[in-house]
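The values are calculated or read from the model by the stated rules, or taken from the named source; none is laboratory data. Fair warning: this is a prediction, and the values are worked out from it, not measured in the lab. Cβ placement follows ideal geometry from the backbone for every residue including glycine, while neighbour counts extend to all protein chains displayed.
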Amino acid sequence: MEIVVTKSAMLSLLLCPLILNVERAEAQEQDVEAGDPIASNSEVGAQAIVVTATRREEDLQDVPVAVSAVSDEALTIAGVEQVRNLNLVAPGFNGGRNQLVMQPSIRGVGSSGTSVGDESNVAVYVDGVYQGDPYSTQVDLVEVSRVEVLRGPQGTVFGRNATGGLVNVVTPDPQFTPRARFRASWGRMREDSNKFDIQAYATGGLTDTIAADLAVLYRNQGGYVTYLPDGGTVGETEIASIRSKLLFEPSSDVQFILTVGFVDTQDENAATARPLGDNTLAANIEGVLLPESPWEASNVTFGIPGRSDFNRLDIALKGLIDLDGVLLESTSSYMRTRVHQIGDSDATNILLGETNMRVRPDTFTQELRLISDNSSSLNWTTGVYYYQLEGEQPLILINRRDVTQPITPLTLEPEVDNSSIAGFVEGTYDLTPSLSITLGGRYTLETRKFSQRINGVQLFTDAEEDFDKFTYRAAIQYEVSPFLNIYATYGNGFKSGTFNTFSPSNVAVQPETIDAVEFGIKADPLPWLRANLATYFYNYDNLQVTARAADNSFVLQNAASAEIYGGELELFVDPVTGLNLRAALAYAHSEYVDFPNAQVFLPQPGGGNLVSTADASGNQLVRAPEFTLTLNGRYTFDAWEGEAFVGGNLFHSSSVYYDYLNIFEQEPYQLLTAEIGWTNPDDDFTFRIYGKNLTNEAVVQQISPGPLAAYATYERPREIGASLEVRF
């Protein structure tokens, strides 16, 4: 099935909410003149949603920011288990992944960096705590209240500068009133693969001033990819996660929350890679095993399948003190991540190339904020933010073009030390009851240090670069009626320069910058309809882009410039009691305006790729589909003295490219999930049957072109399962 949306149809859809709301406002003005009361709109299709997009709690419809707030229920219906799956529900988001490296993008702005300390353009937060290292942003969504996805550069009040946007996973704080839940799920995939998922959560008061909670996840997924060398399977994943919060409220004006979390993952995702087509240099070597379908693999790294394993320890302390009209907030965090990743670079049973890498970052952050808390015409936020990352990334690279050559590993032992300090302020002033302006600024100073050792030889120590930048944001918002807000913003952002830890060079790439204009409408045009629209235009300069080098390492370079424009429309509809519908449409035109020396890969007749440079100007950005569409719905009705429900989520994406010449492509695709279930009359027991990827669509998770091969890993095939949830 292919969905085609013309630009004229897109324009009509985008303007529809404004037309409807103007008509409704005119009708209401006539009602007021006639003396008829205007009904409250607080129960409109999407009920009031509180978000922290501006670092203060506000109604989603009142903030002049393009933000999607996705509830736990919507995540469950869509089958979203991790941050990278948010593309199924959040318009403009693409959840890239290269083995264990998370590479998300929003509106086409994203990073493909794999160096330790090379941060993503899309910042990921958990309860406002920045997850700094890209290997640490693989966040499993366990007991979440909601997930907020902010689109556009974040250059003012949120911790780190982010040129693409940010994701904030909001989890519940401990409660003094006891509650608990337990959910167990079982799923079945191809190759008789079983998936077991157990989640538990409990909270309650320990004393009159102390409360605690505990969230636990255990997930075991069997191998679902046929492994040709031995006839078995690969793709097994085992995750164990635990998170606990301790809340201390000595008075109504003081609150402290200590969070401790640990996650351990054993993942064979790297072993599921297969050559795209027969694009591998090993294709004509005697004894090669070439997969014939998406969920077949044969890659071997010194006799074993590839692996991607990691563990992470998180500790955070948040404090809040009410100073009578001003809130003082402090957030301190420490994160320790350890990764071991082994990948086969030709994706076959013939050993031509391999990357065997360990990543060991330690991250510390400290943020202090002052937030106004009064009813004056001026609301403001100011603060300082400190970030420190120390990490090492020892790795072994193998690269040979035929099996007669000896195996000569190249060993790199890079170390990095990154630090940043920033000060920021942002304020919103109400010029009239309906008109407000927002001005914000942030000054950031970054220091990057890098040392490199290759095959035991110290090339250099403490190569150092300093970067600084002032970023800002201005917004104007007008409340046309109680049911219609319009806003316009202009702002910018930057991503610091960084070193390439796969390189012998001690020269850092330069920072990338982005200038963004956005216009938005947030409307409740009918009592059962909510429609939010955002349109934007970006000038994106000095892009930091990563690609494989001829020696199987990685090249990090600055692309000259890109231009991106488009829009997103979100609709929330409650047409009848029990029926909740949601639609999200995103359009993004992304183009490299000037990219004359792109690292490119040209497929060769005998397999593998010629590594060269070419002009990629005019091509579409990687991982930036032109169109995406999400349709999500749930219907609840009375049945057997309780409530039954049926729900589903359909996601459509246009083509996604994974190289600068737009050769390696995931063609347009759809992903369909569905569920049906029943809740008992006491609302403490729910049983559901679910299906994920019901059409068994073969969708690539990542395409990695290189000198030895272009290989792909695929999302999971169809999964059918059932879950049981008990609440206390």
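Odds and ends about this structure:
- Region 532-572: number of residues that are of a type in the set (D, E, K, R), crowded, with 21+ Cβ neighbours inside 10 Å and within 19 Å of A710 (Cα to Cα): 1
- Filter result (surrounded by 15 or more Cβ atoms within 10 Å (Cβ to Cβ) and of a type in the set (S, T, Y)) within region 400-443: S419, S420, T428, S436, T438
- Just so you know, in region 573-630 the residues that are of a type in the set (A, V, I, L, M), buried (at least 21 other Cβ atoms within 10 Å of the Cβ) and not in a strand (DSSP E or B) include one that is nearest to the chain's Cα centre (by Cα), and it is A624.
- Residue list for region 176-222, restricted to those being under 22 Å from L317 (Cβ atoms), surrounded by 17 or more Cβ atoms within 10 Å (Cβ to Cβ) and acidic (D, E): D213
- Here D468 does not fit the description of being on the phi > 0 side of the Ramachandran plot and in a strand (DSSP E or B).
- Filter result for the condition that a residue is of a type in the set (G, A, S), assigned to a strand (DSSP E or B) and under 15 Å from P174 (Cβ atoms), over G261, G277: G261
- Residue within region 84-99 that is part of a loop (DSSP other than H, G, I, E, B), in contact (Cβ under 8 Å) with a residue 24 or more places away in the chain, polar (S, T, N, Q) and under 22 Å from S704 (Cβ atoms) present: yes
- The number of residues in region 125-175 that are in a strand (DSSP E or B), surrounded by fewer than 21 Cβ atoms within 10 Å (Cβ to Cβ) and acidic (D, E) comes to 1.
- Among the residues listed as D362, D309, D324, the single one being on the phi > 0 side of the Ramachandran plot and out of contact with any Ser or Thr (no Cβ under 6 Å at 6 or more places or on another chain): D324
- In the condition set (1) free of Cβ contacts under 8 Å to residues at least 24 places away in the same chain; (2) within 21 Å of G132 (Cβ to Cβ), T404 is compliant with all but (2).
- Residues being in a strand (DSSP E or B) and either surrounded by fewer than 17 Cβ atoms within 10 Å (Cβ to Cβ) or of a type outside the set (D, E, K, R) (or both) - total across region 223-255: 20
- Test: residue in region 170-189 that is at negative phi and out of contact with any strand residue (DSSP E or B) (no Cβ under 8 Å at 6 or more places or on another chain): no
- Subset of region 261-275 [surrounded by fewer than 22 Cβ atoms within 10 Å (Cβ to Cβ) and either hydroxyl-bearing (S, T, Y) or touching a Pro at 6+ places or on another chain (Cβ under 9 Å) (or both)]: T265
- Qualifying residues in region 473-501 (those that are of a type in the set (F, W, Y) and modelled with pLDDT of 95 or more) - the one surrounded by the fewest Cβ atoms within 10 Å (Cβ to Cβ): Y490
Okay, residues lined up against (1) in contact (Cβ under 8 Å) with a residue 60 or more places away in the chain; (2) within 30 Å of F537 (Cα to Cα); (3) of a type in the set (F, W, Y):
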site	(1), (2), (3)
L585	yes, yes, no
P605	no, no, no
R623	yes, yes, no
L631	no, yes, no
R634	yes, no, no
F651	yes, yes, yes
S654	no, yes, no
Y657	no, yes, yes
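- Strands (runs of 3 or more DSSP E) completely within region 643-728 that count 2 or more residues being surrounded by fewer than 19 Cβ atoms within 10 Å (Cβ to Cβ): 669-679, 685-692, 719-727
- Any hit, region 334-351, residues being out of contact with any helix residue (DSSP H, G or I) (no Cβ under 7 Å at 6 or more places or on another chain), within 25 Å of S298 (Cβ to Cβ), without any contact (Cβ under 8 Å) to a residue 60 or more places away in the chain and among the aliphatic types (A, V, I, L, M): yes
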